[in-house]
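Have a look at the structure below before the remarks.
Nothing in this text is a laboratory measurement; each read-out follows from the coordinates by a stated rule. These figures come from a predicted structure and were not determined experimentally. Every residue, glycine among them, receives a Cβ derived from its backbone with ideal geometry; neighbour counts consider all protein chains shown.
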Amino acid sequence: MSSAATLPPFTGWQALTSWTLRPGAVIVLFALLALYLLGVRRLRRRGDPWATRRMAAWVAGLATIAFAESSAAQVYSAALFSAGVVQHMTLQMVAPAFLVLAAPMTLALRTLPRRPRRALLAVVHSPPVRAISHPVVAFGFSAISLFVFYYTPILDLTLHHPWFDALSHVHFVAVGFLFYWAILAIDPVPHRPPFALRFLLVVGMAPMHVLVGLPIMVSNRMYAGDYFLALGRNTPTEILTDLNTGGALLWAFGDVSAIVLIVGFVTAWSRSDDREARRLDRALDRVHGAGPTMTPWWLDTPNRDHGEPSRREPGLPAKASSTENTTGRGT
């Protein structure tokens, strides 16, 4: 509390120049980066491709966590409610999205030896993981975590105990990763419900943040008021103003994250439809042939069923049509 009490007033310059270093977080982040890059190296050395955009997403996710743990959001998180909100929402709503887009589970399954790979699959498909990874359950965890954190004594505990604050950061990243992992389904997941259900859950994210942030934004009661008053940095009016700003940020993070997710989700849906159409085209080509002078399968098949010669396509000579029929029968 003493270090938070002696911080200078928060200004734009302080937001840019206030940094700290948390050795534990740095070690964990570098280890995760090294493990991912080793997996990519092993995959590419045996000739298998791995998209550069996925590596970039992993680096972006870890860099976002590093920013939340080292920037002014961390420096002022014990002094300003709004700074803590920015840090928590970055850890839960921004960083996990990048980490999930990097498909770490897919990379692990493609590079681990047989026994660890089987163990990982066993964990993923175990009853507890199947239960919590259902999109509806993951959505519930994400929403309930916010209510529990800001409307129970947990907020006050994180302000008084740094170790409990660090544990809450791990929780925010884990809950956010679970939500995106279940909704986006880029990695192998136990459940793949229809796009419509997952899309409704994505849209429902914004109202959840409104329900959490709006009461704080308009509140006249100071959350963890005894702690912030004891710091002696701000007057009660300034503390309440900062609290209301934090509530507005909770609302804003939900809206922005939902919009980005909706755009990404619709794009993924469109690409999924395109892939399905290409798979159907390839299946039809395998059955009916793919030559440029082939008689269309919808004209050729009924005639063959009735033992009649295939009809010649308009504009093609009879000889070409005969060749097509021979090719079609051999396909």
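Take each peptide in 222-234, 58-70, count the other Cβ atoms within 10 Å of every residue, and average; sorted highest first, the result is 58-70, 222-234. Taking a point 7 Å out from the Cα of H134 in the direction of its Cβ, the residues of segment 174-189 whose backbone N falls within less than 18 Å of it are 178-185, 189. Here r is the Cβ-Cβ distance between F195 and R117 and R0 is 41 Å; the resulting FRET efficiency, rounded to 0.05, is 0.90. Applying 1/(1 + (r/R0)^6) with r as the Cβ-Cβ distance of H125 and H161 and R0 = 35 angstrom yields a FRET efficiency of 0.45.
In debye, nearest 20: dipole of segment 8-282 around its Cα centre with unit charges on the Cβ of K, R (+) and D, E (-)?
1860 debye
Return an integer: the convex hull volume of the alpha-carbon atoms of segment 22-172, in Å³ per residue.
124 Å³
Net charge dipole, segment 109-174: roughly 780 debye, given to the nearest 20, about the Cα centre with Cβ charges of +1 for Lys and Arg and -1 for Asp and Glu.
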